[in-house]
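So the structure is just underneath, and the comments pick up after that.
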Amino acid sequence: MIRNLIIMAASGVVIFEKIWVDADSKQSEKGRLFGSLITTMSEFSRQSTGGMMVSYLEFNEVAISIVENPKSKLICTLFHDVDDGADFGQTIAYCILKSFVESYHGELSNFGANLNTGAFTAFGTKLLDAIRNSVKAVTEQLQEHKGISNALVVFDDGSAVSATNSDEDNFGLVANLIPILSLSNDLMQSSRDTVNSINMEMSRQSVLIERIPGMGAALVCVCKNRVTSNSYQPAIKRSLNMLQRIFQTSQSLSSTGKF
């Protein structure tokens, strides 16, 4: 579960903050003080390691994921549960910061001492979409693996989110997968069971379909047969876990109106 979000300038000035969990009246003040601490720690890390920045901190119950946008010189700090993991925190923080920079490109180009932080208040209404867009980021990360040529999330309604920008390729793949998923589910209904995984092997590639539990969607990976599956299976497993947490997070925020 995500708890708190801070977007700040490299100087430590907080320009946007969002608190999702119930907190005391001093929580906002604590967040702004933490902004200065993060920038100080990041600068010390760069000087000590030759340019590397602290990206993840883990405590007993809370983890902190930190992402920087070098061009805008903004830092996104996301507080979340330790169980969510570093990959989840980094992906969500990256997508939120990317959305923020794209939304306020004009304002940020005139960034200075007289910047009106109140101009960014409306970004709160865009957070849910930014979190949902992290699904595409997960598929893009999977496609970077040398054993995976394409990755996409297919929903039960026939829509899909894919790592590739080729609509033609995605349309054909999704059109063929929907009947397979439907038939598999129909076959298992008689035994009151569900299909969790399907593997289809061809001469040069295999298609692996993994259900995302309780989310009405499946992760589909087109894998290269010349690459051993042991090399990419761990990445697929991590992505499944991350996708489930992303969907759960967006559903929770949407149902409670906390965005």
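The values are calculated or read from the model by the stated rules, or taken from the named source; none is laboratory data. Every value quoted in this text rests on a predicted model; they were computed, and no experiment measured them. So basically every Cβ, Gly included, is an ideal-geometry build from the backbone, and we count neighbours across all protein chains shown. Only protein heavy atoms, including side chains, enter the accessible area calculation; ligands, DNA and RNA are left aside. Shrake-Rupley method; radii C 1.70, N 1.55, O 1.52, S 1.80 Å.
How high is the FRET efficiency between Arg238 and Ser45 when r is their beta carbon distance and R₀ equals 30 Å, given to the nearest 0.05?
On the way: r = 26 Å, r/R0 = 0.85.
Given R0 = 30 Å and the Cβ-Cβ separation, E is 0.70.
Provide Val161, Val154 ordered by accessible surface of protein heavy atoms (probe 1.4 Å), highest first.
Val161, Val154
So what does Glu201 come to for accessible area, using a 1.4 Å probe and Å² rounded to 10?
Glu201 has an accessible surface of roughly 140 Å² with all protein chains in place.
How far apart, in nm, are two points set 7 Å out from the Cα along the Cα-to-Cβ line at Ser109 and at Thr228?
5.2 nm
Using the Karplus equation 6.51 cos²θ - 1.76 cosθ + 1.60 (θ = phi - 60°), what ³J(HN,Hα) coupling, rounded to whole Hz, does each residue of the stretch 6-19 give in order, writing x for Gly and Pro?
Running phi through 6.51 cos²θ - 1.76 cosθ + 1.60 with θ = phi - 60° gives 10, 10, 9, 7, 4, 6, x, 6, 7, 10, 7, 9, 9, 10 Hz.
Using a basic spin-label model with each label point 7 Å from the Cα along Cα→Cβ, how many nm lie between Glu58 and Thr125?
A separation of 3.9 nm, rounded to one decimal place.
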